[in-house]
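Taking it in order: structure first as structure tokens, then the write-up.
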Amino acid sequence: MRSEGGTHVNKSGHLALGVALGSAYLSLAPLASTLTLVGFGIGVAAVGIGSLAPDIDHKTSTASKVISPFSPQTRRSLKSVAGVLALIGALLLTVFLNRRFGIGIPFEQAVISLPDGLIGSFPFWLAASVFCLLLTKIRDLVLFGVGAFVLYAWYAYQLHWFFAFLGGALFILPLVRHRGVIHTPEFAICLSLGLWSVASSGSAFVYASALGFIIGWWSHLVGDLFGQEGIHSLVVPRLRVALHLFHNGGHMEKLITRFCWICSTAIWVIYVAMKSSQWVIHAVLQFVR
């Protein structure tokens with residue numbers, strides 16, 4: 001998976017860093033005492049999703065592939081098929097118009113023997129061409145559609161301002177470049193404040209999910225910060241911070257990825273052991289009483 005600039009984007013690095021940071025926070029924060037093992041697992045899963053979500057502004061990222069499973073090669077093939085179908089449909093439409101209105105075509109003798117059923121099928125060929133083209137743009141269409149729906153719901157039902165922010169972000173996603181608006185700290189701040197505000201009044205599961213997603217999103221920016229391209233400000237675009245500590249996808253990043261997974265595994269084992277011991281103690285006390 002490559003970014004627009006050609007630099008390799010290592011999704012496993014983002015995922016490993018996010019899960020490690022999220023697991024550490026969810027196991028140590030005051031919220032941890034109220035979370036069950038299921039709630040902890042939901043929170044960690046939300047961290048993983050959040051750590052990959054910012055790359056939804058790239059057409060071939062893991063996040064975008066959830067919406068559109070087609071590879072660049074498949075999209076190019078679909079465009080070629082669409083062109084062939086459109087050509088056939090246009091030729092059949094021309095023959096149909098000639099037979100119906102006598103417009104005159106230079107290749108009339110070559111197609112005079114075509115059956116009426118085939119000539120009348122031109123709408124099918126043209127519709128199939130449009131359908132293939134739409135498949136190549138399914139990611140953009142879904143983002144436009146969902147964004148417009150969320151904006152309408154926010155306006156019609158007077159929802160929290162976060163839904164206006166979310167709908168607007170989804171609507172403009174097909175129009176922005178990779179590592180653009182979505183990868184700025186200002187966007188992350190608005191996202192965090194809005195999501196936190198919406199989820200704070202929900203259940204522990206909702207709160208853990210929102211918190212995990214926020215941690216994952218920020219961990220993605222932290223991972224980009226240490227790389228070669230870094231992150232930039234939305235308000236001051238020329239303000240860019242890149243620590244150049246390692247090349248994306250390089251040996252150092254792979255070492256960091258392995259270290260993060262080791263830390264995550266250790267945290268999970270300790271957390272499960274602590275929760276299990278608490279459950280055993282609680283069960284024993286209940287039995288004694």
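The values are calculated or read from the model by the stated rules, or taken from the named source; none is laboratory data. This is a predicted model, so every value here is computed, not measured. As a convention, Cβ positions derive from the backbone with ideal geometry for all residues, glycine included, and neighbour counts pool all protein chains shown. Keep in mind that these areas ignore ligands, DNA and RNA; they rest on the heavy atoms of the full protein, side chains included. Shrake-Rupley method; radii C 1.70, N 1.55, O 1.52, S 1.80 Å.
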Please calculate how many Å² of accessible area the range 111-177 carries per residue, with a 1.4 Å probe and no DNA, RNA or ligand atoms counted.
61 Å²
How high is the relative contact order of the chain, in percent, counting Cα pairs under 8 Å that sit 6 or more residues apart?
29 percent
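For Leu243 and Ala127, FRET efficiency with R0 = 45 Å and r from the beta-carbon atoms, rounded to 0.05?
Once the sixth-power term is evaluated, E becomes 0.30.
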Carbon-plus-sulfur fraction of the accessible area of the chain, 1.4 Å probe, in percent?
73 percent
Say the dipole of the chain comes from +1 at the beta carbon of Lys and Arg and -1 at that of Asp and Glu; which of Ala128, Phe171, Thr257 then lies farthest toward its positive end?
Thr257
DSSP H helices in the chain with Cα extent of 15 Å or more along the helix axis and mean Kyte-Doolittle hydropathy at least 1.0?
37-52, 122-136, 138-157, 161-172, 185-199, 204-226
Please work out the average accessible area per residue across the range 222-274, using the 1.4 Å probe convention, and give it in Å².
65 Å²
Can you give the calculated 222 nm mean residue ellipticity of the chain, where each DSSP H run of n ≥ 4 adds -39,500 (n - 2.57) and the sum is split over every residue, rounded to the nearest 500 deg cm²/dmol?
-23500 deg cm²/dmol
What distance in nm separates the simple spin-label points at Arg177 and Val222, each placed 7 Å from Cα in the Cβ direction?
2.8 nm
Among Leu85, Leu166, Leu225, determine the one that fluctuates most according to a GNM of the chain built with springs between C-alpha atoms less than 10 Å apart.
Leu85
Once R0 is set to 22 Å, what does the formula 1/(1 + (r/R0)^6) return for the Cβ-Cβ distance between His160 and Ser203, expressed as a FRET efficiency to the nearest 0.05?
0.85
R0 = 25 Å: FRET efficiency of Leu134 with Trp196, Cβ-based, nearest 0.05?
0.10
Options Asn10, Thr36, Val142, ranked by Cα towards positive dipole end of the chain, top entry (Cβ charges)
Asn10
Can you sort Trp161, Trp279 by solvent-accessible area, 1.4 Å probe, largest first?
Trp279, Trp161
Is there a quick way to get the dipole size of the chain? I mean about its Cα centre, with the Cβ of Lys and Arg at +1 and of Asp and Glu at -1; what is the value in debye to the nearest 20?
260 debye
So Val235 and His251, fully extended at 0.36 nm per residue minus their Cα-Cα distance, gain in nm 2.4 nm
Close Lys-Lys pairs in the chain, where close means Cα under 29 Å and separation is 8 or more or interchain:
12
What does the extension gain come out to for Lys275 and Val66, with contour length at 0.36 nm per residue minus their alpha carbon separation?
71.9 nm
